[in-house]
Amino acid sequence: MPAASTVVAFPELFVASDEPTAAPTKPHHLGHRERLRQRARQGGLAALPDYELLELFLFRSQPQGDVKPIAKALLARFGSLGAVLDASLEDLTTVRAEDSRGRTKVVGKETALDLMALHELSRRVAGEVAAPRKVIGSFTALTDYVRITLQHQPREQFRVLFLDHKNQLIADEVMGRGTIDHAPAYPREVVRRAMDLHASAVILVHNHPSGDPTPSQADIDMTQQIIEAGKMLKIAVHDHLIVGRQGIKGAATDQRVVSLRAIGAI
């Protein structure tokens, strides 16, 4: 006959402990979103530093998790809010950051597209300010428009504003894209396009990715060539604006858009 099995009980294992159980540690970012929104409501958006303003926007693109590391990483990678918004989808999606728990955060294609859409909204708002009868009537509105459009572009871009006989804007078109220090501009193409649009005058615009909008001799020579090409067909060149994000080195004022006509170069 087999021996009876012996069961040894340990009742103390089943007795509830009187000591309180430690509460799980909550991530530090919980509640941060609402606190930041509350500060924005009370103090105004203008009082927020750049990374927190960017955080507010990213809350909608990334509805969960801590977005502060991504906001700071974007600014560190591109250098400014304007450059973040002007970055390409490919460049934006290379940004990585680690949160407080060591997890990798990324800028996905959806977030990148949201940032690019914000830039396009800003550009279009500036374009509304530069609408017909206003773009030429206000030099400040014109320079604000071209600066928002071009100052953070990583490559040179040559644009032409085509105007009718009342100096109303017909079209703003890119006529050339180039390298970091050169964008091709062909006088005949500019004049031909002006004829196609029945334009009476043009304003030439291009950027210097170096940040310094000081015109080069090549800029001045190219402008003169377009002026001469337009004269035969009675198409006037009102001005040539050069845009740089840093302004002229050593200038007493913040001069990020230079007018060749204003400085007597044409």
Exercise for the section: Can you work out which of the residues in the stretch 102-145 that are assigned to a loop (DSSP other than H, G, I, E, B) and modelled with pLDDT of 80 or more is surrounded by the most Cβ atoms within 10 Å (Cβ to Cβ)? Expected result: V107
Practice task
For residues that are under 20 Å from L233 (Cβ atoms) and among the hydroxyl-bearing types (S, T, Y), tally how many sit in the stretch 159-218.
Solution key: 2
Exercise for the section: Filter the stretch 150-185 down to the residues that are farther than 19 Å from L197 by Cβ and among the β-branched types (V, I, T), then identify the one that is modelled with the highest pLDDT. Expected result: T179
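Going by what's in this entry, would V67 be described as touching a Phe, Trp or Tyr at 6+ places or on another chain (Cβ under 7 Å), in contact (Cβ under 8 Å) with a residue 12 or more places away in the chain and farther than 27 Å from R147 by Cβ?
Yes, satisfied.
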Exercise for the section: Check the stretch 57-67 and report whether any residue there is of a type in the set (G, A, S), crowded, with 16+ Cβ neighbours inside 10 Å, at pLDDT 60 or above and not in a loop (DSSP other than H, G, I, E, B). Expected result: yes
Practice task
Find the residue count for the stretch 154-173, including only residues that are outside any loop (DSSP other than H, G, I, E, B) and of a type in the set (D, E).
Solution key: 2
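Output the residue which, of all residues in the stretch 249-266 that are of a type in the set (S, T, N, Q) and assigned to a loop (DSSP other than H, G, I, E, B), is modelled with the highest pLDDT. Before you say what the answer is, go through the steps one by one.
From the stretch 249-266, those of a type in the set (S, T, N, Q) are 253, 255, 259; that's our starting set.
Those left that are additionally assigned to a loop (DSSP other than H, G, I, E, B): 253, 255.
Values: T253: 44, Q255: 79.
Out of the qualifying residues, it is Q255.
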Problem - R147 vs. criteria without any contact (Cβ under 8 Å) to a residue 40 or more places away in the chain and either more than 18 Å from the chain's Cα centre (by Cα) or closer than 21 Å to A126 by Cα (or both) - result: no
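The values are calculated or read from the model by the stated rules, or taken from the named source; none is laboratory data. In this text the structure is predicted, and so the values were computed from the model without any measurement. Heads up, the Cβs are rebuilt from the backbone with ideal geometry, glycines too, and the neighbour counts pull from every protein chain shown.
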